[in-house]
Amino acid sequence: MVSQLAAQAADTASVVAVSGAASGSSNSYIPWLLVSTAVALAIVILFMGSLLGKVALLKMKDSAKTIALAVSMFSAASLMAAGADTQSGFRGFSSFELNMILLGVILMEVLIILYFAYWLKAIVLPKKSEVTEEAKVSAIAQWWDKMNNSVAVEKEKDVQLDHDYDGIKELDNALPPWWVYGFYLTIIFSGIYIWRYHISHTAPLQVEELKIDLAKAEIMQAEYNKLSANKVDENSIEYNPDAAILADGQAIFKKNCVACHGDNAQGISGPNLTDEYWKHGGSIKNIFKTIKLGVPSMGMIAWGETLTPKEMASVATYVKSLNGSNPANAKAPEGELYKEEAAGAPAQDSASAPANAAPAATPTSASLAPAKAAVAKN
């Protein structure tokens, strides 16, 4: 094919020479230059087409092999046919027309070369993703081997010692780098720890941390108590004769309760609150409930609409603390006798007694007369 193209180029050159002599132009060398370029590009196309065909035969599927080979051969044949047509068509053209035709041939050859180059790259070079994945796997494998520094099985004889235990051979393997680096890090950490906790004392030790946490817990408990103080009710209240609670309860009692119960709870129009007899139960829960709901039939208002739960709890605690105080001019007992149950046993009062239980006998003036006489005699 190359010899045929050379012969065609020679014939074309003779035609170009005749056309240049006929035109008498001073730039008759331009057609020669264009013809030489066209022939050189044609040789390149033939070479790339042959190379593409061989690569396709090696790497592509059977159907694609036939197509690629046919394309390359067709391109070469078309190029030779175009050269033959150009040779026959050059005669009778002016120098300018001849230059334009040659430029068109060169442009077509450049496009064919670019086309062949694209397919050669697509077939020969691997995809970028595959190259990246292979490089990544290779880098990870190298890093893993470096961090373990293990000896290959076929090279274990190089590190085998003379020790033999019932046929078990001992290998003198070096410590893996990851283990060595970890050991170095623990040494560095221990130095920092000693400096921070035992030399510079910039951080507390465990016992100091415990004390700090306990102090924080006390503060949090106090804040919680402030927030939860008003959440108390007749079911959750517990008797706690704390001095501050008793002082608050006494102040509220003096302000709101002395008109009916007296300064010392000895009883005026209301009952005596210092003895063991109660109309509505004598437990701390019963007292809180009575203060909260009141006794409208006896003229006692419901203080739950006026006082907060915390204030009612303080008053109930104060009233409970007055039991057995025996103030002067105490009013006669009213209601039922209430006795605190032993520790660990549930207190049974009017609030917790069964509904079908017979009520305790209400003391009368006749039944209390012997006791009053004995007191007067003493």
Open item on the list: Let me test this: with uniform point scatterers at the alpha carbons of region 243-351, what is the Debye-based log₁₀ I(q)/I(0) at q = 0.11, 0.17, 0.23, 0.24 1/Å?
Closed with: -0.31, -0.78, -1.46, -1.58
Task: Sparsely packed GluC sites (Glu not before Pro) within region 203-253, loop by DSSP, other Cβ within 10 Å at most 16 - done: E238
Open item on the list: Let me understand region 159-203 better: what is its radius of gyration from the alpha carbons, and its Dmax, in angstrom?
Closed with: 19.3, 57
- [ ] Pairs to check: K211/K285; K255/K289; K255/K279; K289/K339; K279/K310. Give those whose C-alpha atoms are more than 30 Å from each other in this structure.
- [x] K211/K285
Task: Positive minus negative residues near K216 (Lys, Arg vs Asp, Glu; Cβ under 14 Å) - done: -4
TODO: Order the peptides 40-47, 266-273 from the highest to the lowest mean number of other Cβ atoms within 10 Å of their residues.
DONE: 266-273, 40-47
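Values in this text are rule-based calculations from the coordinates and carry no lab data. Just so it is clear, the structure is predicted and the values come from calculations on it, not from any experiment. Glycine also receives a Cβ, built like all others from the backbone with ideal geometry; neighbour counts cover every protein chain displayed.
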